[in-house]
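Rule-based calculations on the coordinates, nothing more; no lab input. If you're wondering where the values come from, they're calculated on a predicted model, not measured in any experiment. Using ideal geometry, Cβ is built from the backbone for each residue, glycine included, and neighbour counts are taken over all protein chains shown.
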Amino acid sequence: MLPTRVGTSKGSPMLTSDRLSYERALGFDEAVDAQCQPRPHYAALFEEMARLSAAELASRERLRDAIFQRLGITFAVYGDAGGLERTWPMDLVPRIIPAGEWAIVERGLAQRVKALNLFLDDLYTGEAAALRDGIVPRRLVLSSEGFVRAAVGIRVPHGARCLVAGIDLVRDADGTYRVLEDNLRVPSGISYVLENRAARRRLEPAGGRADPRHLQLGVLRTCLPGAPARGGARRGPRPARPRHHRLHADDVGAAARGCHLPARG
């Protein structure tokens, strides 16, 4: 077991061991409880971290950055005057969610995305009931930059408006999960989840046992059944997330450059 001592630092409890020092957050802390003891699902991680020296952690950080740089896992911030690409940040300490907690989150997210999808489909091809009944202010929708008037009346296969959804979650002071915002404009970033998992396997074999990439590939290929030719478009020659676009295009055989698309007619 991890030998620990509990002390204080600036009024906040602190968990310490021979090699590990951890200050408990003032709000809800996912890693330690109110007595500053590791929560059951974090105990093994604390033991593992305690066995690593500062030099070993720094070495793994350098290896992580080298891997991301070599693979081109970078991103740019739109509007940044410098236009410099930055290495994707990945915390070496994973966030652990117990299966019981995740089961609740998963059901809630599925329900939320389904409701949002039904709202959008009804808005464009239905009765716009949420607006009609005053549940959502009409002016809020009609004045939104995301509302496409030209798309009203256009049906989509299976009524699927939210093909990929990015739901940002936070936890309040009591530890309850809350939705910070919904991203439904086909948010980029799926590839970074996969790359994080792959990098963690290189850095720590036990750190990423499952590979969700096969699931993503199945979804992408299902969206393009039997298509004789396909390609992916991105925003300009220097998109904000180049690795994200390349990974998706390569996975479904849709990688192409401008020279591959001759103009006709």
TODO: Can you check what the net charge comes to around A160, using other residues whose Cβ is under 13 Å from the Cβ of A160 (Lys, Arg +1; Asp, Glu -1)?
DONE: +2
- [ ] Normalise the Debye intensity by I(0) for segment 25-122, one equal point scatterer per Cα, no solvent, then take log10 at q = 0.24 Å⁻¹ and round to two decimals.
- [x] -1.13
Task: Computed label-point distance, nm, for sites D33 and A115 using a 7 Å Cα→Cβ extension - done: 3.3
Task: Estimated inter-spin distance, E181 and L52, nm [label 7 Å along Cα→Cβ] - done: 3.1
Task: Difference of contour (0.36 nm per residue) and Cα-Cα distance, A43 to I135 - done: 28.6 nm
- [ ] Report the calculated FRET efficiency for I97 and R62 (r = Cβ-Cβ distance, R0 = 25 Å), to the nearest 0.05.
- [x] 0.35
- [ ] Only Lys, Arg, Asp and Glu count, each charged at its Cβ (+1, +1, -1, -1), so figure out the dipole size of segment 94-163 about its Cα centre, rounded to 20 debye.
- [x] 100
Open item on the list: How much length would be gained if the chain were fully extended between V170 and R86, taking 0.36 nm per residue of separation minus their Cα-Cα distance, in nm to one decimal?
Closed with: 27.8 nm
